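What follows is a short report on a single structure.
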Amino acid sequence: MSKIISLANQKGGVGKTTTAINLAASLALLGKKVLLLDADPQANATSGLGFDIDLPGIYECLVGEKSAEEVILQSPDIKKLWLLPSSIQLVAADTELPKMEQAHHIIKKVIEPVRDNFDYILIDCSPSLGLITVNSLTAADSVIIPVQPEFFALEGLGKLLQTIRLVQGGPNPSLTIEGFVVTMFDGRTKVHNQVLGELKEHFKDMVFDTIIQRNIRLSEAPSHGKPIILYDVICNGTSNYLSLAKEVLEKNGYQVTND
């Protein structure tokens with residue numbers, strides 16, 4: 001059975017979608033069958049992989065118009081990577097989901113029939129703590145939290161951790177934190193090093209060893225509809241996300257070579 005990992009942070013601009021796209025692509029290129037579920041109405045993970053944001057996707061699944069199997073798309077560039085797309089229509093879900101039976105479990109029900117088709121399912125959560133995000137956390141086995149090394153980002157973690165505890169105390173008691181990943185890191189700045197130190201002091205080995213360095217190529221790649229490894233194979237962004245993917249695999253008991 002696959003492992004389902006949500007990528008969540010209610011603060012926007014912390015590299016969450018960038019991490020979702022590039023971790024998914026890296027895991028797929030390392031041989032795992034990966035589904036990336038775009039659960040963000042901005043649909044940036046969908047467009048960032050080069051797909052049309054007007055196609056049927058997760059919203060149609062949530063309201064019962066389509067099944068996941070009907071809307072999942074295979075990447076034309078990475079054969080072991082699939083996408084369950086999003087669209088702006090997903091904005092309506094926070095209004096419609098409360099009217100449904102077992103409202104916190106709708107995404108879980110959507111992906112359960114296709115779960116065994118994949119080794120990993122990554123869910124790119126919206127930058128909020130609304131019902132779509134709670135649904136994503138309810139469906140997940142664990143959560144990866146991207147953290148920008150700024151003090152406001154660090155302070156905002158409290159609300160997300162509180163939401164995770166509420167989910168653990170309610171609809172998903174088995175939810176765990178896979179880890180915190182530091183993104184957009186610039187080792188030349190004092191504040192970035194200071195925040196990294198505080199994060200490691202508070203969360204210790206829950207912080208991934210891999211650090212995603214600030215890299216202009218990472219911000220360019222989505223406009224070309226490509227993960228970084230296909231846009232610039234030799235840049236720091238590519239090596240960082242491959243390293244993160246290997247670390248995730250090792251945490252889950254896989255043996256990974258350094259080839």
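The values are calculated or read from the model by the stated rules, or taken from the named source; none is laboratory data. Bear in mind that the values here come from a model prediction, so they are computed numbers and not experimental data. For neighbour counting, all protein chains shown are included, and Cβ atoms are generated from backbone atoms with ideal geometry for every residue, glycine included. To get the accessible areas, we keep the full protein, side chains included, count just its heavy atoms, and leave off ligands, DNA and RNA. Shrake-Rupley method; radii C 1.70, N 1.55, O 1.52, S 1.80 Å.
Can you work out which of the residues in the range 1-50 that are in contact with a Gly (Cβ under 6 Å, 6 or more places away or on another chain) and more than 26 Å from E155 (Cβ to Cβ) is surrounded by the fewest Cβ atoms within 10 Å (Cβ to Cβ)? Among residues in the range 1-50 that are in contact with a Gly (Cβ under 6 Å, 6 or more places away or on another chain) and more than 26 Å from E155 (Cβ to Cβ), the one surrounded by the fewest Cβ atoms within 10 Å (Cβ to Cβ) is G50.
Condition test on A93, is it part of a helix (DSSP H, G or I), open to solvent by less than 20 Å² (accessible area, probe 1.4 Å) and in contact with a helix residue (DSSP H, G or I) (Cβ under 8 Å, 6 or more places away or on another chain)? Yes, satisfied. Considering every residue within the range 104-126, establish whether at least one is of a type in the set (S, T, Y) and either open to solvent by 50 Å² or more (accessible area, probe 1.4 Å) or modelled with pLDDT under 95 (or both). Yes, there is a match, as at least one residue in the range 104-126 is of a type in the set (S, T, Y) and either open to solvent by 50 Å² or more (accessible area, probe 1.4 Å) or modelled with pLDDT under 95 (or both). Filter the range 215-259 for residues that are modelled with pLDDT of 95 or more, open to solvent by 60 Å² or more (accessible area, probe 1.4 Å), part of a loop (DSSP other than H, G, I, E, B) and over 17 Å from N44 (Cβ atoms) and give the result. Listed by number, the residues that qualify are V233, I234.
Going through the range 136-174 one residue at a time, which ones are open to solvent by 10 Å² or more (accessible area, probe 1.4 Å), farther than 19 Å from K11 by Cα and hydroxyl-bearing (S, T, Y)? The one that is open to solvent by 10 Å² or more (accessible area, probe 1.4 Å), farther than 19 Å from K11 by Cα and hydroxyl-bearing (S, T, Y): S174.
When the range 134-150 is filtered for residues that are touching an Asp or Glu at 6+ places or on another chain (Cβ under 9 Å) and assigned to a helix (DSSP H, G or I), the ones remaining, listed by number, are S136, A139. Taking I177 and the conditions (1) in a strand (DSSP E or B); (2) surrounded by 21 or more Cβ atoms within 10 Å (Cβ to Cβ); (3) touching a helix residue (DSSP H, G or I) at 6+ places or on another chain (Cβ under 7 Å); (4) not charged (D, E, K, R), which numbered condition does it fall short on, given that it satisfies the others? Condition (2) is where I177 drops out.
Quick one: in the range 58-71, which of the residues that are in contact with a strand residue (DSSP E or B) (Cβ under 9 Å, 6 or more places away or on another chain) and surrounded by 21 or more Cβ atoms within 10 Å (Cβ to Cβ) is farthest from D119 (Cα to Cα)?
Applying the first criterion (in contact with a strand residue (DSSP E or B) (Cβ under 9 Å, 6 or more places away or on another chain)) to the range 58-71 yields 58, 61, 68, 71.
The next check asks that each one be surrounded by 21 or more Cβ atoms within 10 Å (Cβ to Cβ); those that pass are 58, 61, 68.
On the way: I58: 20, C61: 21, A68: 16 Å.
So the residue we want is C61.
When you scan the range 44-57, do you find a residue that is aromatic (F, W, Y) and over 23 Å from D119 (Cα atoms), even just one? Walk me through it before giving the result.
Taking the range 44-57 first, the residues aromatic (F, W, Y) are 51.
Of the ones still in play, those that are also over 23 Å from D119 (Cα atoms) are none.
No, there is no match, as no residue in the range 44-57 is aromatic (F, W, Y) and over 23 Å from D119 (Cα atoms).
In this structure, is F151 modelled with pLDDT of 95 or more and among the hydrophobic types (A, V, I, L, M, F, W, C)? Taking the combined requirement at face value, the residue does not satisfy it.
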